[in-house]
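**Q** Here it is, the structure, as structure tokens.
The values are calculated or read from the model by the stated rules, or taken from the named source; none is laboratory data. Just so it is clear, the structure is predicted and the values come from calculations on it, not from any experiment. Heads up, the Cβs are rebuilt from the backbone with ideal geometry, glycines too, and the neighbour counts pull from every protein chain shown. Surface areas here come from the heavy atoms of the whole protein model, side chains and all, with no ligands, DNA or RNA. Shrake-Rupley method; radii C 1.70, N 1.55, O 1.52, S 1.80 Å.
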Amino acid sequence: MTDALARLSEFGVSVWLDDLSRELLAGGELRKLIDERHVVGVTSNPTIFASALAKGDRYEDQVRGLAARDADVETTVFEITTDDVRSACDVFLPVYEATNHVDGRVSIEVDPRLARDTEKTIEAARLLWRTVDRPNVMIKIPATAEGLPAITTAISDGISVNVTLIFSLERYRAVMNAFVTGLEQAREKGIDISTIASVASFFVSRVDSEVDKRLDAIGTDEAKELRGKAGIANARLAYQAYEEILAGERWKTLVGAGARVQRPLWASTGVKDPAYPDTMYVTELIAPDTVNTMPGKTLDAVADHGEIKGESIRGRYDEARQVLDRLERLGISYDEVTELLEREGVDKFEKSWAELLQTVTDELDRAKAHAEGAEQ
């Protein structure tokens with residue numbers, strides 16, 4: 001049998017897991033995924049942490065300790081999440097060293113309620129960077145208009161950044177510009193820019209979910225034929241934009257100073273429509289220097305039956321452009337869809353953060369009640 005995940009790695013795709021929990025860490029599952037599934041990085045977000053806390057009991061002792069100190073919910077969330085990320089960074093340290101600091105990366109997100117506040121995002125990114133205190137951590141900053149200057153400042157401080165919630169090509173170009181500007185500023189400050197890493201998380205399946213809904217409402221044969229094509233076409237054109245940046249003089253100057261590329265990362269790669277192959281956001285997005293961050297279910301599907309035939313992005317830019325052009329002719333506005341998805345993305349992460357806070361509040365209340373019961 002062919003090892004599909006190994007083949008994926010051979011074609012220049014880094015396999016990252018879109019999941020993190022103390023269960024994965026303490027139970028040895030994460031090490032197993034590194035050894036057996038070629039996983040070389042992890043991403044986390046508020047939804048993942050909320051789920052981990054709701055399901056696992058490995059947080060109980062820490063929550064009780066924090067409750068005994070009268071820690072508030074915000075402090076408790078910060079300590080729990082940064083502890084998990086620090087532990088994951090330690091697990092991935094051998095990968096980080098073996099890949100010349102390219103992979104072995106673990107991402108933690110700034111509070112999504114700050115997505116529209118540049119200064120507070122910068123403060124939060126600096127605090128997370130100092131607190132986790134590991135060379136292989138990445139701080140996730142959303143690609144909102146307000147997030148762009150925060151990305152530049154963080155990079156200029158020498159902070160490695162995972163830019164998240166990118167949906168449109170225009171915003172992606174702005175993200176790459178923010179990264180390049182940040183590197184230029186870091187270099188001016190005398191920072192060794194070879195130590196700064198970044199990925200740009202371009203979301204895929206959510207684009208299809210929204211576009212397909214609109215195609216279904218149109219209902220023509222052409223509309224049906226275009227279902228499930230927008231997300232991949234959009235991502236392929238993002239890779240074309242990435243290649244254009246690499247060919248520019250600004251980038252060549254930075255490479256001469258030791259700069260590392262900001263790799264495109266394919267996010268939201270779990271298939272949401274059961275009519276589609278469950279590996280399509282992996283097999284259709286293969287190109288050098290990319291990352292595919294997969295939910296566990298998608299990782300398992302690729303390992304089980306993924307067909308990795310080779311590169312599937314370069315050389316298909318015209319085909320991708322035609323898909324987006326045909327959608328526009330049908331009356332589906334690209335700008336409208338991507339703007340909506342960004343708003344919804346921020347809202348979803350804010351909602352998940354609220355759920356995380358509530359979960360932790362409930363755990364703290366339980367811990368305090370347990371302590372009071374023990375005293376009586």
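**Q** Give the residues of segment 9-39 that are touching a His at 6+ places or on another chain (Cβ under 8 Å) and either in a loop (DSSP other than H, G, I, E, B) or surrounded by fewer than 19 Cβ atoms within 10 Å (Cβ to Cβ) (or both), sorted by residue number.
**A** SER9 - this is the single residue of segment 9-39 that is touching a His at 6+ places or on another chain (Cβ under 8 Å) and either in a loop (DSSP other than H, G, I, E, B) or surrounded by fewer than 19 Cβ atoms within 10 Å (Cβ to Cβ) (or both).
**Q** Between residues in segment 53-75 that are at pLDDT below 95 and residues that are part of a loop (DSSP other than H, G, I, E, B) and open to solvent by 80 Å² or more (accessible area, probe 1.4 Å), which pairs lie under 7 Å by C-beta distance while being six or more apart or on different chains?
**A** If the second residue must be part of a loop (DSSP other than H, G, I, E, B) and open to solvent by 80 Å² or more (accessible area, probe 1.4 Å), no pairs are left.
**Q** To continue, here is another question. Answer with yes or no whether THR99 is modelled with pLDDT of 95 or more, crowded, with 22+ Cβ neighbours inside 10 Å and either closer than 28 Å to THR290 by Cβ or not polar (S, T, N, Q) (or both).
**A** The answer is no for THR99.
**Q** Answer yes if at least one residue in segment 260-280 is in contact (Cβ under 8 Å) with a residue 12 or more places away in the chain, open to solvent by less than 10 Å² (accessible area, probe 1.4 Å) and assigned to a helix (DSSP H, G or I), and no otherwise.
**A** no
Okay, residues lined up against (1) open to solvent by 10 Å² or more (accessible area, probe 1.4 Å); (2) in contact with a strand residue (DSSP E or B) (Cβ under 6 Å, 6 or more places away or on another chain):
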| position | (1), (2) |
| --- | --- |
| ALA287 | no, no |
| ALA303 | yes, no |
| GLY345 | no, yes |
| GLN358 | yes, no |
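**Q** Yes or no: ASP57 surrounded by fewer than 21 Cβ atoms within 10 Å (Cβ to Cβ) and part of a helix (DSSP H, G or I)?
**A** The answer is no for ASP57.
**Q** Further question on the same structure: Looking at this structure, is SER205 open to solvent by less than 20 Å² (accessible area, probe 1.4 Å), under 25 Å from TRP16 (Cα atoms) and in contact with a Lys or Arg (Cβ under 6 Å, 6 or more places away or on another chain)? First the steps, then the outcome.
**A** Working: open to solvent by less than 20 Å² (accessible area, probe 1.4 Å): yes; under 25 Å from TRP16 (Cα atoms): yes; in contact with a Lys or Arg (Cβ under 6 Å, 6 or more places away or on another chain): yes.
In short, yes.
**Q** Please tell me if GLU336 is farther than 17 Å from GLU225 by Cβ, assigned to a loop (DSSP other than H, G, I, E, B), modelled with pLDDT of 95 or more and open to solvent by 80 Å² or more (accessible area, probe 1.4 Å).
**A** It is false that GLU336 is farther than 17 Å from GLU225 by Cβ, assigned to a loop (DSSP other than H, G, I, E, B), modelled with pLDDT of 95 or more and open to solvent by 80 Å² or more (accessible area, probe 1.4 Å).
**Q** Part of a helix (DSSP H, G or I), more than 23 Å from PRO142 (Cα to Cα) and either at pLDDT below 95 or not hydroxyl-bearing (Ser, Thr, Tyr) (or both): which single residue out of ARG236, ARG187 fits that description?
**A** ARG187 is the lone residue from the list that is part of a helix (DSSP H, G or I), more than 23 Å from PRO142 (Cα to Cα) and either at pLDDT below 95 or not hydroxyl-bearing (Ser, Thr, Tyr) (or both).
**Q** Looking at LEU165, LEU169 in this structure, which one is buried (at least 23 other Cβ atoms within 10 Å of the Cβ), under 24 Å from GLY147 (Cβ atoms) and in contact with a Phe, Trp or Tyr (Cβ under 9 Å, 6 or more places away or on another chain)?
**A** Of the residues listed, the single one that is buried (at least 23 other Cβ atoms within 10 Å of the Cβ), under 24 Å from GLY147 (Cβ atoms) and in contact with a Phe, Trp or Tyr (Cβ under 9 Å, 6 or more places away or on another chain) is LEU165.
**Q** Based on what the data block shows, is GLU10 touching a residue at least 12 places away in the same chain (Cβ under 8 Å) and over 23 Å from PRO135 (Cβ atoms)?
**A** Spelling it out, it is not the case that GLU10 is touching a residue at least 12 places away in the same chain (Cβ under 8 Å) and over 23 Å from PRO135 (Cβ atoms).
**Q** Is there any pair with a first residue in segment 156-175 that is within 21 Å of ARG187 (Cβ to Cβ) and in contact (Cβ under 8 Å) with a residue 24 or more places away in the chain and a second that is among the polar types (S, T, N, Q) and surrounded by fewer than 22 Cβ atoms within 10 Å (Cβ to Cβ) whose Cβ atoms are under 7 Å apart and which are 6 or more apart or on different chains, and what are they?
**A** Within 7 Å, the pairs are SER156/GLN185; GLY158/THR195.
**Q** Scan segment 281-326 for residues that are under 23 Å from ASN162 (Cα atoms), part of a helix (DSSP H, G or I) and among the small types (Gly, Ala, Ser) and jot them down.
**A** Matches in segment 281-326: GLY296 only.
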